[in-house]
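The values are calculated or read from the model by the stated rules, or taken from the named source; none is laboratory data. Just so it is clear, the structure is predicted and the values come from calculations on it, not from any experiment. FYI the Cβ positions are ideal-geometry reconstructions off the backbone, even for glycines, and counts take in every protein chain you see.
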Amino acid sequence: MAAIVSVRDVRKVYESGFEALKGVSLDIERGEILALLGPNGAGKTTLISLICGIARLGEGAITVGGHDIVTAYREARSMIGLVPQEVNVEPFETVWNTVTFTRGLFGLPRDDAHVERVLRDLSLWDKRDAATRELSGGMKRRVLIAKALAHDPKVLFLDEPTAGVDVELRKGMWQIVRQLKAAGTTIILTTHYIEEAEAIADRVAVINEGRIVLVEDRDRLIHQMGRKELTVELKAPLAAVPEALSSYGLALSEDGRSLRYAYDRAAERTGIVSLLRDLSDAGLALRDLRTRESSLEDIFVDLVRKPA
């Protein structure tokens, strides 16, 4: 799949001397949903701002659809839609006028059919004549997406699109993102909700301390780096892990009634069979066994704990 956004050796140093990006390279494939994850201050917003032309590029090169964002700024910017994290819309303007005006900012002719299609796709058609101040928080976020889609961009950046909304609205937003992808839009999503990336992303990029730590297919990432955890519930509590079991790296719960054993599911031998045998030899009676697979959140936490 061809890259629609290409970032090469990008470095950004602010006047204060803070180095926000340290030689970042990243290819975003046409038609994918890429989740860009990272802790606060990792460089996510700076990277998006550079691609979208909001911040000035220092070193390196960025192209969008083959257009250099510096030498072919208008062509590159016309391909991009940006939905910022902050909900900031003109409170006294109607939804229809808000979206139509945004289209005009890109020098495009009036296209009522396109605006209607965008509003219908986002379930905003019935609110087209409403002033934005009358809308709920979730509807205002939809208006932001409609504004970003007004000029029919090929690449859409969603910066924390579900921040501060309830679970039901969040899942509704996920459905909108899936529909946009199905229509051929490339989507870059930044989020603090790891479940969001797990639910809708095709690939995951992790940025930490100004560097891209990892870029990987979501499912492959979980398969390759995911670990499983076996919890052994005991019939009688323990004060400490028996010395005979020390080689397994077991973690004893606070109440002493369960042991946790982490293992690599991709390994030839998980060690579970020998663990159960040694538990029996140690005279420990088991009440129950259960397994838990590591999530994308577990993997993300492990990655950002490592030095970038």
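Data table
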item: Matching residues in the range 56-69 - criterion: being over 18 Å from residue 158 (Cβ atoms) and in contact (Cβ under 8 Å) with a residue 24 or more places away in the chain; result: 57, 58, 59, 60, 61, 62, 63, 65
item: Filtered residues of the range 123-175 (kept if farther than 20 Å from residue 48 by Cα and of a type in the set (Ser, Thr, Tyr)); result: 123, 132, 136
item: Contacts under 8 angstrom Cβ, first residue in the range 70-91 being more than 16 Å from residue 7 (Cβ to Cβ), partner among the charged types (D, E, K, R) and assigned to a loop (DSSP other than H, G, I, E, B), 6 or more apart; result: 85/160
item: Selected residue (criterion: surrounded by the most Cβ atoms within 10 Å (Cβ to Cβ)) from residues of the range 178-193 that are in contact with a strand residue (DSSP E or B) (Cβ under 7 Å, 6 or more places away or on another chain) and modelled with pLDDT under 90; result: 190
item: Considering residues of the range 24-52 that are under 17 Å from residue 154 (Cα atoms) and among the β-branched types (Val, Ile, Thr) only, the residue surrounded by the fewest Cβ atoms within 10 Å (Cβ to Cβ); result: 48
item: Checking residue 154 against (1) farther than 28 Å from residue 69 by Cβ; (2) surrounded by fewer than 21 Cβ atoms within 10 Å (Cβ to Cβ), the condition it does not meet; result: (1)
item: Helices (runs of 4 or more DSSP H) within the range 129-237 that include 3 or more residues without any contact (Cβ under 8 Å) to a residue 12 or more places away in the chain; result: 167-182
item: Positions within the range 103-124 being surrounded by 12 or more Cβ atoms within 10 Å (Cβ to Cβ), touching a helix residue (DSSP H, G or I) at 6+ places or on another chain (Cβ under 8 Å) and farther than 19 Å from residue 180 by Cα, in sequence order; result: 106, 111
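Here is a yes/no grid of residues against (1) within 33 Å of the chain's Cα centre (by Cα); (2) modelled with pLDDT under 90; (3) surrounded by 16 or more Cβ atoms within 10 Å (Cβ to Cβ); (4) in the same structural domain as residue 192 (by TED's automatic domain parsing):
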{"site": "250", "(1), (2), (3), (4)": "yes, no, yes, no"}
{"site": "257", "(1), (2), (3), (4)": "no, no, no, no"}
{"site": "263", "(1), (2), (3), (4)": "yes, yes, yes, no"}
{"site": "266", "(1), (2), (3), (4)": "yes, yes, no, no"}
{"site": "274", "(1), (2), (3), (4)": "no, no, no, no"}
{"site": "286", "(1), (2), (3), (4)": "no, no, no, no"}
